[in-house]
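The numbers here are math on the coordinates, done by the rules we state, and not lab data. Bear in mind that the values here come from a model prediction, so they are computed numbers and not experimental data. Here the Cβ is made from the backbone with ideal geometry for all residues, glycine too, and neighbour counts use every protein chain on show.
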Amino acid sequence: MNLLKVAICGGGRTGHLNAILFKQLPHVQVSMLTRNRSIIEQHALQVPMQALLPDGSTVQARLDRVSTDARAAVEDADIVIITVPAHARAQTLKDIAPHLTTSKPVYIGAIPGFCGFDWLAEATLPDRPNLVIWGMKDVPHTAFELTPGRSIKMGGGKSRLYVATHAREPQSAQRQLEKILTRLYGPCVTMLDDYLEITLTPGNPIMHSSVIYGLIGPYGQWHRKIFAQPLCWWSECPELGAYFLERMDQESQGLCAAISQRMGINLSSVKSLKQEIVEAYGEQIRDPSSMLSILRTNQAYNNILAPMVPAPGNRAGYVIERQSRAFNEDVAYGLVLLVEMARRLDFKVPYMEEVLNWSIGYMQGLGDCALDYFPHQWPRPATAAA
């Protein structure tokens with residue numbers, strides 16, 4: 001069996017867990033690119049990383065390389081897996097681009113692959129025909145309680161892992177990618193027909209923004225108020241937040257139908273958010289009758305805190321953090337993209353627009369966002385898809 005060289009860009013929960021699990025496999029070399037000095041120091045001390053598995057057992061691994069130097073991490077990689085947040089991907093791609101080999105195919109992808117990663121990678125890595133761009137619909141496993149460079153806890157795994165490649169990639173590259181990912185993750189990898197099936201899958205961009213809007217937006221009970229204590233944003237989700245989430249979910253499904261008709265592609269795999277959550281968590285949801293009850297009674301969502309920081313001005317209590325990933329990633333790289341796609345199709349998404357406009361105001365401006373790389377020519381004419 002040939003040696004498979006894997007480079008993971010990102011030292012967060014997903015990066016740690018994937019790296020440890022990959023090192024349990026024969027003939028797999030793993031490097032990690034990270035700016036976290038704790039991870040670098042632990043590796044230099046030859047401290048093994050440890051993953052606590054759901055059954056209570058543990059596995060350990062020492063990675064082959066851990067570095068802040070992009071060249072050292074990726075120069076001979078066969079596959080590069082980017083696990084940093086969406087708002088950090090552009091810089092990561094720019095950092096590694098000069099060091100990716102040109103002598104063989106390199107499969108460069110994101111986990112998760114939402115927020116139009118295929119378009120970003122195409123725009124950031126031009127004129128590199130040996131690079132195969134791909135993304136995974138979701139993380140393979142949940143992961144939590146990270147101690148950087150030392151330990152991570154592994155939650156439940158997905159029964160199927162859905163992967164798509166950029167539209168430019170030939171079938172031969174797709175087949176080879178599937179072989180590589182099956183080697184890393186097992187026989188649970190399913191290749192999707194179109195990358196839009198990942199980009200349009202409902203998730204954090206509408207979940208987080210709608211609940212925050214329901215809490216502190218102009219009609220929320222906490223508008224311009226301070227929270228006395230941290231809030232669990234799913235089990236304590238307000239009715240208004242669930243209302244907007246349900247309406248935004250409906251708009252998302254309508255947008256899929258409009259894109260499918262305009263571009264002549266099959267997006268039937270993109271399910272409603274309500275269906276996605278129920279299918280993913282099953283019996284962990286005590287009451288699946290409505291969006292509100294699904295969020296409040298999903299045991300997998302228990303004790304997940306909203307992104308909060310101490311209130312300014314030495315006041316007691318907490319406020320929703322403006323610089324959290326719920327805004328910098330989910331709004332700026334997720335919700336913005338959905339609203340712009342709808343605008344170009346002249347498809348009305350009033351609930352998404354309302355939440356987006358308020359969120360931009362709360363963020364005190366948009367700054368860098370997905371529109372920086374969203375192709376100007378999208379959508380291609382329907383005749384081009386035939």
Q.
Suppose each label sits 7 Å from its Cα in the direction of the beta carbon; what would the residue 347-residue 377 distance come out to in nanometres?
A. 2.2 nm
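Out of all DSSP beta bridges in the chain, what portion is antiparallel? Express it as a percent rounded to 5.
Given both bridge residues lie in the chain, the antiparallel proportion sits at roughly 40 percent.
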Q | Unsatisfied cross-links (Cα-Cα over 18 Å) in the set 153/271; 5/179; 23/94; 179/271 | A | 153/271; 23/94; 179/271
**Q.** Size of charge dipole - region 201-385 - debye, nearest 20, with Cβ of Lys, Arg +1 and Asp, Glu -1, no other charges
**A.** 220 debye
**Q.** Centre separation in Å (Cα based) which lies between region 122-159 and region 58-95
**A.** 10 Å
Q: Only one of the values (i) 1.04; (ii) 1.06; (iii) 0.96 was calculated from this structure for Rg/Rh (Cα atoms, Kirkwood Rh); name its label.
A: (iii)
Q) Most exposed first by the Cβ proxy, i.e. fewest other Cβ within 10 Å, how do 99, 376, 27 rank? A) 376, 27, 99
Q: Mind listing the long-range amide H neighbours of residue 138? Cut-off is under 5 Å, sequence gap 5 or more, other chains count too, H placed in the peptide plane at 1.01 Å from N.
A: 113, 162
**Q.** In order through region 67-73: 3J(HN,Hα) via Karplus (6.51 cos²θ - 1.76 cosθ + 1.60), integer Hz, x for Gly, Pro
**A.** 8, 8, 8, 4, 4, 4, 7
Q. Which percent, to the nearest 5, of DSSP beta bridges fully inside region 4-198 are antiparallel?
A. 30 percent
(Q) Helix-only mean residue ellipticity at 222 nm, the chain, DSSP H runs n ≥ 4 weighted -39,500 (n - 2.57), per residue, nearest 500. What is it? (A) -11000 deg cm²/dmol
Q) How do 369, 115 line up, fewest other C-beta atoms within 10 Å first? A) 369, 115
Q. Which semi-axes, in whole Å and largest first, does the equivalent ellipsoid of region 230-386 have when worked out from the alpha carbon gyration tensor as the square roots of 5 times its eigenvalues?
A. 31, 23, 12
Q | Table column - 3J(HN,Hα) (Hz), region 148-165, Karplus curve with 6.51, -1.76, 1.60, x for Gly and Pro | A | x, x, 10, 8, 8, 9, 9, x, x, x, 7, 6, 10, 10, 9, 10, 9, 10
Q.
Tell me which trypsin sites (Lys or Arg not before Pro) from region 188-267 have a DSSP coil assignment and no more than 10 other beta carbons within 10 Å of their own.
A. 224
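Quick one: putting +1 on the C-beta of Lys and Arg, -1 on the C-beta of Asp and Glu, what dipole do you get for the chain around its Cα centre, in Debye to the nearest 20?
560 debye
May I ask for the net charge around residue 332, where only other residues with Cβ less than 13 Å from the Cβ of residue 332 are counted and Lys, Arg are +1 while Asp, Glu are -1?
-2
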**Q.** Listed residues 77, 123, 86, most fluctuating in the chain (Gaussian network, C-alpha, under 10 Å)
**A.** 123
